[in-house]
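Undergrad: Structure incoming, see below.
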Amino acid sequence: MTTSSSTTLEEEASVAAVQKKSGRPVAIKRLIIGAQAMERTASGSIHREIEILKQVSHKNVIPLLDVIHRRTSRVESMLVFPRIELDLDRFLKDPLAETPNHLIQSLMRQLLQGLAHLHGKQIIHRDLKPANLLVSKTGDLKIADLGSARKLPNRDFTTDMTNLVVSMWYRAPELLMGEVEYGPEVDMWSVGCILSEVFLHEVLLQGSDEIDQLTRIFRLCWDPSDFRYRQALKDKWVQTSSGQLAKPALSCIQPRKTLALRDDWRFGGASANMRQLLQQLLQMDAKRRIQAMDALQSPFIKAASFEPHPLTYKAPQLDVGATNSGFPHRAFWDSRYQQYVHF
């Protein structure tokens, strides 16, 4: 990712590597901040990600193994993580990938366990999507990329934050309508989108922009009988990625008489327990959306095996999405970096 130096992050790249002493495969995430953004960001998003990772210790959240800093005219940081074969997005795009019911249950149980741990520490991820969920060949899942995560300071578990978070297809409706006071419920909406995608092998709500995204959400998830929620929307507007108010939210509603999600033909092969959990996750009203701990007690998840299930797929090139392009030569770094060799 490359942006101007006036923004918080100038460059981000990842590379596959191996720890010389142990032979352990690792992934190194390199973050660079330009001079103009250095003072604002050095104690900002990168340090926040590092501090959050240090607070987290759970088998379903990627652990931070090491941090390497270098500061000249720019701040350069390297975050070292265990290297895992692939992510859920790449797995689902494999034409030979199979997701039987027991595998879906296992993956979702692991996701909810990791998320319950984060939420228990008042941390919200804010960018959950298949590409940020790492999965091994043995079916172990770890939540990754906590660069957008925030720790909530308030006891009521909400605080004013930017709503321009979460990839659009996985973004909760309240964020699309400009809500800045929110909590872990935005992650739970993303979990619902992920559950449907694991079952369907396609993105559930593929809007072309924020207006189209919210229209699709209303079409599928809005309950026409919920007059209280409709009343709460009367002053809400769709907010674009530039922060502009584009259109009244109510104008995105298309008339119908039933909850479309309940009868969506795409979920005809899903069990009643899966459909029930999906409806609880994709609840338009954030206050009614199921929480991670409660979702773990749902019939669909409680039936899951506690042992991960191996994945079936065509073996990809396991490059962990990494590239050597622009990565510095080892001699450019201090002795701490010498313990790794990249490839």
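The values are calculated or read from the model by the stated rules, or taken from the named source; none is laboratory data. None of the values given here were measured: they were computed from a predicted structure. Every residue, glycine among them, receives a Cβ derived from its backbone with ideal geometry; neighbour counts consider all protein chains shown.
Undergrad: Would you please list the contacts, defined by Cβ atoms under 7 Å and residues six or more apart or on different chains, that run from a residue in the range 270-298 that is under 19 Å from Leu233 (Cβ atoms) to a residue that is assigned to a helix (DSSP H, G or I) and modelled with pLDDT of 95 or more?
TA: That search, which allows pairs on different chains as well, returns Leu282/Trp189; Leu282/Gly192; Ala286/Glu185; Arg289/Glu185; Arg289/Met188; Arg289/Trp189; Arg289/Leu281.
Undergrad: Moving to a separate point now. Residue under question is Ser271, and the condition is that it be closer than 24 Å to Leu205 by Cα and of a type in the set (Ser, Thr, Tyr); does it hold?
TA: Yes.
Undergrad: Looking at the range 276-290 only, could you name the residues that are among the aliphatic types (A, V, I, L, M) and assigned to a loop (DSSP other than H, G, I, E, B)?
TA: Matches in the range 276-290: Leu282, Met284, Ile290.
Undergrad: Just to be sure, is Ser196 among the small types (Gly, Ala, Ser) and at pLDDT below 75?
TA: When the stated conditions are applied, Ser196 does not pass them.
Okay, residues lined up against (1) small (Gly, Ala, Ser); (2) modelled with pLDDT of 70 or more; (3) within 18 Å of Asp127 (Cα to Cα); (4) out of contact with any Gly (no Cβ under 7 Å at 6 or more places or on another chain):
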residue	(1), (2), (3), (4)
Ser43	yes, no, no, yes
Lys59	no, yes, no, yes
His69	no, yes, no, yes
Thr72	no, no, no, yes
Ser77	yes, yes, no, yes
Lys93	no, yes, no, yes
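Undergrad: Sticking with this structure for a sec: Kindly indicate the residue of the range 241-272 that is modelled with pLDDT under 75 and either assigned to a helix (DSSP H, G or I) or among the polar types (S, T, N, Q) (or both) and also nearest to Arg171 (Cα to Cα) among those meeting that condition.
TA: Ser241
Undergrad: Only one of Leu205, Leu220, Leu200, Leu195 is more than 16 Å from Leu115 (Cβ to Cβ) and crowded, with 21+ Cβ neighbours inside 10 Å; which?
TA: Leu205
Undergrad: Looking at Phe343, is it touching a helix residue (DSSP H, G or I) at 6+ places or on another chain (Cβ under 9 Å), closer than 24 Å to Pro82 by Cβ and at pLDDT below 85?
TA: no
Undergrad: Would you please name the residue that is farthest from Trp169 (Cα to Cα), looking only at residues in the range 65-115 that are free of Cβ contacts under 8 Å to residues at least 24 places away in the same chain and of a type in the set (Val, Ile, Thr)?
TA: Across the range 65-115, the extreme among qualifying residues is Thr72.
Undergrad: Looking at (1) modelled with pLDDT of 90 or more; (2) of a type outside the set (Phe, Trp, Tyr); (3) surrounded by fewer than 17 Cβ atoms within 10 Å (Cβ to Cβ); (4) touching a strand residue (DSSP E or B) at 6+ places or on another chain (Cβ under 6 Å), which is the one condition that is false for Met1?
TA: For Met1, the exception is condition (1).
Undergrad: Ok, one more. Every residue in the range 114-129 that is surrounded by fewer than 21 Cβ atoms within 10 Å (Cβ to Cβ) and assigned to a helix (DSSP H, G or I), please.
TA: Ala116, His117, Gly120
Undergrad: Quick one: in the range 130-166, of everything that is of a type in the set (A, V, I, L, M, F, W, C) and surrounded by fewer than 18 Cβ atoms within 10 Å (Cβ to Cβ), which residue is modelled with the highest pLDDT?
TA: Among those residues, the one meeting the criterion is Ala131.
Undergrad: Could you tell me which numbered condition Trp169 fails, if it satisfies all but one of (1) modelled with pLDDT of 95 or more; (2) crowded, with 18+ Cβ neighbours inside 10 Å; (3) of a type outside the set (Val, Ile, Thr); (4) part of a helix (DSSP H, G or I)?
TA: Result: Trp169 fails condition (2) only.
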